[in-house]
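Report on one structure; see the data block that follows.
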Amino acid sequence: MFHLSAFVAAAILATVVLVGRLDAGEPADGVQKFLVGGATIWAIADSMGDRDMGVFAGADPEVVRRYVPSGRAPSAIMVFVIQREGGIVMIDAGLGAEASRLPPGLTRAGIDPARIDLILITHMHADHIGGLLRDGGKAFPNAAVRIGRIERDFWLNDQAMAADPSRRTNFELARQVASVYSGAVGVFEFGDRLADGIEAVDAAGHTPGHTAFLLESGGEKIFFVGDIVHAAALQFPRPGLNARYDMIPGQAGPARLRLLERAAQDKLPIAGAHLPFPGIGDVAKGEGEGFVYRSWGE
């Protein structure tokens, strides 16, 4: 059983607006397997639900209604696990709430948490690092954890925390994770190779050190893009729109556009933390500056 401290629970309320119901047709177990070159990719939903378009408060309401007439768009909190001969790598760890689907999802995939070698963190928002903790200790006892240097330094900076009291619970969670994992935590720079065939790509804007990861295996590639998209139905056709979670709006929009253009041009499938389950699909150019997304779950 997973339990959260009071400040982690508060961080949930501050950062996540997914409701509990499932959309029609979504698999109940929230686990799906894909092959990319010589790697097996497990897409595991930590949670699935709808996102309220109120998080796009600065967007033209008519534009929002055009793409999301109901006011709610399918979304999820996704975790991705990469299995290769060299070991098991996990991208992010989900929220870690008591009702998290990640632990049973790992079981369905036949993955023992103790066998995960490396966890790569796209950024340190609660819905990406909360799942690293279990009963106040390590949920993944033998994993090394790698976080971008810029990202880690921001969330561990006392001045940054004092300057943004609304995010204090998230700062405290980041510090708890860093303390619990202590010697297992390391940092990387944009452009670094973090494991065989995995490169850290600059995606800063959603957070100061937000990172995407590009995996190449057996001549094929997949782009783990973190939180560049929060509502696929709205932000693929209108990539200039930021959610209120984007901490540096002036960088988040250009980063989204840059990464989606790269994915479309290079025909890179993307894996996104808040794309509707299974969170993986293809990107193509659409009208104007927009893009078209096709889920691998369709």
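The values are calculated or read from the model by the stated rules, or taken from the named source; none is laboratory data. What you are looking at is a predicted structure, and each value in this text was computed from that prediction instead of being measured. Cβ sites come from the backbone with ideal geometry, for glycine too, and all protein chains shown count toward neighbours.
Restricting attention to region 97-122, which residues are farther than 25 Å from Ile198 by Cβ and among the acidic types (Asp, Glu)?
Glu98
Among all residue pairs at least 6 apart or on different chains, which show Cβ distances below 8 Å where the first residue, located in region 103-125, is in contact (Cβ under 8 Å) with a residue 40 or more places away in the chain and of a type in the set (Gly, Ala, Ser) and the second is buried (at least 22 other Cβ atoms within 10 Å of the Cβ) and assigned to a loop (DSSP other than H, G, I, E, B)?
Gly105/Gly30
In region 58-108, which residues are surrounded by 14 or more Cβ atoms within 10 Å (Cβ to Cβ) and among the β-branched types (Val, Ile, Thr)?
Val63, Val64, Val68, Ile77, Val79, Val81, Ile82, Ile88, Val89, Ile91
Can you name the condition, by its number, that Pro74 falls short on among (1) of a type outside the set (S, T, N, Q); (2) farther than 26 Å from Ile41 by Cβ; (3) assigned to a strand (DSSP E or B)?
(2)
With the checklist (1) of a type outside the set (Asp, Glu); (2) without any contact (Cβ under 8 Å) to a residue 12 or more places away in the chain; (3) on the phi < 0 side of the Ramachandran plot in hand, flag the one item Ala178 doesn't pass.
That leaves (2) as the condition not met.
Each row is one residue, and each column tells you yes or no for (1) closer than 27 Å to Arg84 by Cα; (2) in a helix (DSSP H, G or I); (3) touching a residue at least 40 places away in the same chain (Cβ under 8 Å).
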{"residue": "Met161", "(1), (2), (3)": "no, yes, no"}
{"residue": "Glu172", "(1), (2), (3)": "no, yes, yes"}
{"residue": "Gly183", "(1), (2), (3)": "yes, yes, no"}
{"residue": "Leu194", "(1), (2), (3)": "yes, no, yes"}
{"residue": "Ala204", "(1), (2), (3)": "no, no, yes"}
{"residue": "Pro208", "(1), (2), (3)": "no, no, yes"}
{"residue": "Leu214", "(1), (2), (3)": "yes, no, yes"}
{"residue": "Phe224", "(1), (2), (3)": "yes, no, yes"}
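Would you mention how many residues in region 93-151 are of a type in the set (Asp, Glu) and in contact with a Gly (Cβ under 8 Å, 6 or more places away or on another chain)?
So the first thing to find is which residues in region 93-151 are of a type in the set (Asp, Glu), and the list is 98, 112, 117, 127, 135, 151.
Those still in the list that are in contact with a Gly (Cβ under 8 Å, 6 or more places away or on another chain) too: 117, 127, 151.
So the count comes out to 3.
With the checklist (1) modelled with pLDDT under 95; (2) under 22 Å from Phe34 (Cβ atoms) in hand, flag the one item Pro278 doesn't pass.
Going through (1) modelled with pLDDT under 95; (2) under 22 Å from Phe34 (Cβ atoms) one by one, Pro278 breaks only (1).
Anything in region 241-270 that is surrounded by fewer than 18 Cβ atoms within 10 Å (Cβ to Cβ) and touching a Gly at 6+ places or on another chain (Cβ under 6 Å)? List them, or say none.
Ile248 - this is the single residue of region 241-270 that is surrounded by fewer than 18 Cβ atoms within 10 Å (Cβ to Cβ) and touching a Gly at 6+ places or on another chain (Cβ under 6 Å).
Among the residues in region 59-67, are any touching a residue at least 12 places away in the same chain (Cβ under 8 Å) and touching a strand residue (DSSP E or B) at 6+ places or on another chain (Cβ under 9 Å)? Show your work before the answer.
Taking region 59-67 first, the residues touching a residue at least 12 places away in the same chain (Cβ under 8 Å) are 59, 63-64, 67.
Filter once more, keeping what is touching a strand residue (DSSP E or B) at 6+ places or on another chain (Cβ under 9 Å): 67.
Checking region 59-67: at least one residue is touching a residue at least 12 places away in the same chain (Cβ under 8 Å) and touching a strand residue (DSSP E or B) at 6+ places or on another chain (Cβ under 9 Å).
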